[in-house]
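Below: the structure, in structure tokens.
Read-outs throughout are calculated quantities, based only on the coordinates presented, and are distinct from any laboratory measurement. In this text, all values refer to a predicted model and were calculated from it rather than measured experimentally. We place every Cβ from the backbone using ideal geometry, glycine too, and count neighbours over all the protein chains shown.
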Amino acid sequence: MIPRVLTVAGSDSGGGAGVQADLKTMLALGVHGMSVLTAVTAQNSTGVQGAWELPVAAVRAQYRSVVDDIGVQAVKTGMLASAELVEAVAELLSGSDAPAVVDPVGVSKHGDPLLAASALDSVRTKLLPVATVATPNLDEVAQLTGVRVRSADDLRRAAGAVLEFGPRWVLIKGGHLTGDAVDLLTDGSEEHRLWAPRHDNRHTHGTGCTLASAIACGLARGRTVPEAVTAAKEYVTGAIAAGFALGAGIGPVDHGWALRRDAR
């Protein structure tokens, strides 16, 4: 049976990030994607013009509807705007054996807040402890731990601070540093540094969502965490290289780049 992956995240009306990016990634990587909407945003290439979270009851109902009937081999979480949503999703994940990739979304690509300050403690104490892999970027690391990463030498310290909240693995994304794009994956004892060339392309909307979803796809296929993260890094690097202009601002990564390459 085709692997099944569930995204629990917000909708990006511009199609570059959020649930839309997650489902495109899942299609490109050959799994069946399913979704639980947590919020609706009015969003385009220039920013987020509005956001409306869904009631906790609606999120629970979507999750139970999918998982109880269809089943799931991996779950990816994204935008969870409030403490109530964070805690509800954490409770749902704790009742499942499926691996969970937690992307602790704090702000949009344009700097728009997507997580209430009052929800930070719930992310730390409820959501991160049920994560198989947590995938914070450097801004989210600072938001969650107070650790500010200024060079690749700081990645291990940042990872240690996030691991204290309980995820099995953490992937610290170093994309906001200068030079090559280096990420650090560790469980506290085993460590992997993943390097990729930095592409001179400003159209990177949806990078974090895409990477987390690609990791979930690998886990759903039975790959180990290091194998899944390595493959996901390769996929997202290609998607960034092929990112394209859309609208007046920052365009999206190209989720279908590998499909077109393979079709040649």
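Pick out which of 33, 111, 174 has the largest mean-square fluctuation in a Gaussian network model of the chain, springs linking Cα atoms closer than 10 Å. Looking only at 33, 111, 174, the biggest GNM fluctuation is shown by 111.
Going from the residue with the fewest nearby Cβ atoms within 10 Å to the one with the most, 169, 195 rank 195, 169. Compute the distance from the alpha-carbon center of segment 66-81 to that of segment 225-259, in whole Å. Going from one Cα centre to the other spans 22 Å. The distance linking segment 1-55 with segment 157-213 is 21 Å (Cα centroid to Cα centroid, whole angstrom).
Among 240, 172, 2, 215, the ranking by other beta carbons within 10 Å of each residue's beta carbon, starting with the fewest, stands as 2, 240, 172, 215. With a Förster radius of 25 Å, plug the Cβ-Cβ distance of residue 245 and residue 142 into 1/(1 + (r/R0)^6) and report the FRET value to the nearest 0.05. So the FRET efficiency works out to roughly 0.25.
Output the antiparallel fraction of DSSP beta bridges having both residues in segment 4-263, as a percent to the nearest 5.
On the way: 17 of 39 bridges.
Rounded to the nearest five, the antiparallel share is 45 percent.
Residues whose amide H comes within less than 5 Å of that of residue 7, counting only those at least five positions distant or on another chain, are 34, 35, 36, 76 (H built at 1.01 Å from N in the peptide plane). Residue order for 76, 109, fewest other beta carbons within 10 angstrom first, comes to 109, 76.
Could you tally the net charge around residue 110, taking each other residue with its Cβ under 14 Å from the Cβ of residue 110, Lys/Arg +1 and Asp/Glu -1? Residues near residue 110 contribute -1 overall. The structure shown yields semi-axes √(5λ) of the Cα gyration tensor in Å, and of the options (1) 23, 22, 20; (2) 35, 22, 16; (3) 31, 21, 17 that calculated value carries the label (1).
For residue 59, the shell of other residues with beta-carbons less than 14 Å away shows a net charge of -2, using +1 for Lys and Arg and -1 for Asp and Glu. The residues neighbouring residue 17, those whose beta-carbon lies less than 13 Å from its own, together hold a net charge of -1 under the Lys/Arg +1, Asp/Glu -1 convention. A Förster radius of 41 Å combined with the Cβ-Cβ distance from residue 153 to residue 68 puts the calculated FRET efficiency at roughly 0.30.
Simple spin-label model, 7 Å along Cα-to-Cβ: residue 91 to residue 61 in nm? So the label points at residue 91 and residue 61 sit 1.7 nm apart.
Amide H contacts for residue 44 (H built 1.01 Å from N in the peptide plane; partners 5 or more residues away or on another chain; cut-off under 5 Å): 49. Placing unit charges on the Cβ atoms only, positive for Lys and Arg and negative for Asp and Glu, gives the chain a dipole magnitude near 500 debye about its Cα centre.
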